[in-house]
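The structure appears right after this line, and notes come after that.
The values are calculated or read from the model by the stated rules, or taken from the named source; none is laboratory data. Everything quoted here is computed from the prediction, not taken from an experiment. Here the Cβ is made from the backbone with ideal geometry for all residues, glycine too, and neighbour counts use every protein chain on show.
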Amino acid sequence: MTALREYEKLEATGLWRETLETQRREVFVGFGNTSLMIRNKADEALSHWSLPAVQRLNPGQMPALYAPNSEASETLEIEDQTMVEAIEKVRTSIERRRPHPGRLRLAVFLGLTVTIAALGIFWLPGALERHTVGVVPYEKRLLIGQALLANITRLSGKPCETLSGAAAREKLTRRLFENEPGQLVIVPDGIAKSALLPGRFVLLNKALVEDFEGPEVVAGYVQLELARASIQDPLGRMLSYLGGLASFRLLTTGEVKAEDLRAYAQYLLTTPAPMPPNGVILARFKAAGFSSSPLAYEIDTSGETTLALIESDPYRNTPHPPLLSDSSWVSLQSICGG
């Protein structure tokens, strides 16, 4: 869990600039479990920043000036002392939990590059990909995931966001990820059901919250994506698609070309991911503490191709606590304004 319980309902005003060329706008800033939510006076979502990636541009000065990452032109100016203290506590907490900050990873990148080249890994894409996936830190994965999300939302529409819907989404996020990092992003179109990006962004089609009577199906798709991730790392899937040159560039420069991100975003939206083994999926549901049958019947209404997920459902005959309260589920259903 990223945020601190004492700040769960914290809100403040701020001055937001979308790009260096645009004027600053007065906005409302909400402090979420894993993110800062920026809305206008009409309660329309303008931006959604991942707390672990937030950068302060003027340390020790007030008003505090923040950016969503080290490369962004988007900025947010905050005068509210309580909000600034909350953001700084989270940033400090994240920094303390890193036993070897990015400097160690960077040293690994640079120190091994010559050896890798000498051993010819560049000509062995599989080995290069595995090595790259093994050394890329979580902070870089977050930035890659955010960049992919920006490309995807140009096609799928902006992520859905209302005040009550965002609060319900945060509750479901805490329930499904517990102490693990992860973010749920609900989009109006573009993806068939769900997708997982580097940095543990789980993309979900709005139909998964609007068309069902309870949260079991949308929560089931989250477990399905996490099961896929346990078989193939989302960053590994991206590098496998982009090829050895992209792996080598990421390993040596820490960057992914913009055209590669656009190409992979299009691939994610049009190419179904393979189903993980049933045993892996069922293990996720058992650990998460809810039934796999709703997901099984959503994938195949007859249940024929997903029979194992029904017959071996760890909660088939055992009640489990609700994933969300009825009121929170209703709020989540309206997150896209429906």
*Which listed residue, of Arg249, Arg316, is surrounded by fewer than 13 Cβ atoms within 10 Å (Cβ to Cβ), in the same structural domain as Glu225 (by TED's automatic domain parsing) and either touching a His at 6+ places or on another chain (Cβ under 8 Å) or of a type in the set (D, E, K, R) (or both)*: Arg316
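When the stretch 139-154 is examined, which residues are found to be surrounded by fewer than 17 Cβ atoms within 10 Å (Cβ to Cβ) and within 16 Å of the chain's Cα centre (by Cα)?
The answer is Ala150, and nothing else.
Identify, from the list Leu295, Leu269, the residue that is modelled with pLDDT of 95 or more, within 28 Å of Glu210 (Cα to Cα), in the same structural domain as Pro188 (by TED's automatic domain parsing) and not β-branched (Val, Ile, Thr).
Leu295 is the lone residue from the list that is modelled with pLDDT of 95 or more, within 28 Å of Glu210 (Cα to Cα), in the same structural domain as Pro188 (by TED's automatic domain parsing) and not β-branched (Val, Ile, Thr).
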*Restricting attention to the stretch 168-182, does a residue exist that is touching a residue at least 60 places away in the same chain (Cβ under 8 Å), out of contact with any helix residue (DSSP H, G or I) (no Cβ under 8 Å at 6 or more places or on another chain) and among the acidic types (Asp, Glu)?*
yes
*Of the conditions (1) touching a strand residue (DSSP E or B) at 6+ places or on another chain (Cβ under 9 Å); (2) assigned to a loop (DSSP other than H, G, I, E, B), Phe212 clears all except one; give me its number.*
(1)
*Check whether at least one residue in the stretch 303-315 is touching a strand residue (DSSP E or B) at 6+ places or on another chain (Cβ under 6 Å) and not aromatic (Phe, Trp, Tyr), and report yes or no.*
no
*For residues that are under 28 Å from Ala127 (Cβ atoms) and of a type in the set (Lys, Arg), scanning just the stretch 244-290, find the one that is nearest to the chain's Cα centre (by Cα).*
Arg262
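Can you tell me which of Gly145, Gly165, Gly199, Gly134 is more than 22 Å from Leu239 (Cα to Cα) and not in a strand (DSSP E or B)?
Among Gly145, Gly165, Gly199, Gly134, only Gly165 is more than 22 Å from Leu239 (Cα to Cα) and not in a strand (DSSP E or B).
Residue-wise test of (1) modelled with pLDDT of 95 or more; (2) surrounded by fewer than 20 Cβ atoms within 10 Å (Cβ to Cβ).
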residue: Tyr264; (1), (2): yes, no
residue: Val280; (1), (2): yes, yes
residue: Phe285; (1), (2): yes, no
residue: Phe290; (1), (2): yes, no
residue: Pro321; (1), (2): no, yes
residue: Val330; (1), (2): yes, yes
*asked:* Of all residues being of a type in the set (Asp, Glu) and out of contact with any Ser or Thr (no Cβ under 8 Å at 6 or more places or on another chain) in the stretch 155-198, which is surrounded by the most Cβ atoms within 10 Å (Cβ to Cβ)? Just the residue, please.
replied: Glu161
*Output for the stretch 288-324, where each listed residue is among the small types (Gly, Ala, Ser), without any contact (Cβ under 8 Å) to a residue 60 or more places away in the chain, under 28 Å from Cys160 (Cβ atoms) and assigned to a loop (DSSP other than H, G, I, E, B)*: Gly289
